[in-house]
Amino acid sequence: MLGIIAVVLGFMTCIPYLNYCTCFLEPVVALIAIVLGIVGLSSSEPMHKAKATWGLILGIVGIVIWIALLILALLGVVSLAVLQEMQYSY
């Protein structure tokens, strides 16, 4: 369940005014999903292993989404700074 929440929060960081709270909450939820997925894999029941595997996968996907959006945001800030510098140089 936490893996699904992590992925949804990862995509919610693209929504203005929501990204301030979700950009810090999403990696925490994703890391908890990864840890609980690893702990759940040690269970002996096959039903729990399937849920734990999906939690682990979705937690990792949530972290990847967060990192990708963080890189895109940093590229946007850098390109904005470069454009402003080019504007003032003329």
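The values are calculated or read from the model by the stated rules, or taken from the named source; none is laboratory data. None of the values given here were measured: they were computed from a predicted structure. Don't worry about glycine lacking a Cβ; one is built from the backbone with ideal geometry, like all the others, and counts go over all protein chains shown.
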Every pair of residues 6+ apart whose Cβ atoms lie under 8 Å, when the first sits in region 45-69 and is surrounded by fewer than 16 Cβ atoms within 10 Å (Cβ to Cβ) while the second is assigned to a helix (DSSP H, G or I):
His48/Gly40; Lys49/Gly40; Lys49/Leu41; Thr53/Gly37; Thr53/Leu41; Ile57/Gly3; Ile57/Gly37
Return yes when Gly40 is surrounded by 21 or more Cβ atoms within 10 Å (Cβ to Cβ) and not polar (S, T, N, Q) and no when it is not.
no
Taking helices (runs of 4 or more DSSP H) that fall entirely within the chain, which contain at least 3 residues that are modelled with pLDDT of 90 or more, of a type in the set (Val, Ile, Thr) and within 11 Å of the chain's Cα centre (by Cα)?
46-89
Residues that are charged (D, E, K, R) and in contact with a helix residue (DSSP H, G or I) (Cβ under 7 Å, 6 or more places away or on another chain): does region 36-47 have at least one?
no
